[in-house]
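The structure under discussion appears below in the form of structure tokens.
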Amino acid sequence: MGRLLIVDDEADVREFAANFFRRRKVDTIIASSGEEALQILDKEKVDLILLDINMTGITGIEALKYIRAKNCDAKVIMVTGTKPHEGAAFDQCKELGAIDYIHKPLELEELERVVMSQLKGKK
């Protein structure tokens, strides 16, 4: 199975998702900001990133731009409280290479399906 990085400035969301995947034996790292995520990615190899769009400091979209500029080949799933049709953020994330979009509040069934399908086959 692959390695997952969860980036969210809401501690309860971040910890909830991390514990959920750790119980499923997924190697999970957490970051509380875009800045922290970029520092982790300088040192660690991850296969998949759950990246919150709306964070203070570096937003998820800005972090995604940095991730792609560094040629990080990790897959990125954006997480937001906004529906895709409610703004241009969805289109911008797709253009920057995000592979999917998950909405808050997180639904465990959807979260598990999307994340596990991306990690499947990773060693």
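Of the residues making up the stretch 1-52, those that are of a type in the set (D, E, K, R), farther than 17 Å from ALA74 by Cβ and not in a helix (DSSP H, G or I) are ASP9, GLU10, ARG23, ARG24, LYS25. Checked across the stretch 99-113, the condition of being of a type outside the set (Phe, Trp, Tyr), in a loop (DSSP other than H, G, I, E, B), at pLDDT below 85 and farther than 18 Å from PHE21 by Cα holds for no residue. Here CYS93 passes the criteria (1) within 18 Å of GLN118 (Cα to Cα); (2) of a type outside the set (D, E, K, R); (3) in contact with an Asp or Glu (Cβ under 9 Å, 6 or more places away or on another chain); (4) surrounded by 16 or more Cβ atoms within 10 Å (Cβ to Cβ) except the one numbered (3).
Restricting attention to the stretch 49-74 and to residues that are within 10 Å of the chain's Cα centre (by Cα) and within 16 Å of ALA11 (Cα to Cα), the residue that is surrounded by the fewest Cβ atoms within 10 Å (Cβ to Cβ) turns out to be ILE53. Would you check if LYS94 is part of a helix (DSSP H, G or I) and touching a residue at least 24 places away in the same chain (Cβ under 8 Å)? No; evaluated as a whole, the condition is false for this residue. Within the stretch 53-81, the set of residues being closer than 16 Å to ILE99 by Cα, of a type in the set (Val, Ile, Thr) and assigned to a loop (DSSP other than H, G, I, E, B) comprises just one member, ILE53.
The values are calculated or read from the model by the stated rules, or taken from the named source; none is laboratory data. All values reported here derive from a predicted model rather than from experimental measurement. Because the Cβ atoms are built from the backbone with ideal geometry, glycine has one as well, and the counts that use them run over all protein chains shown.
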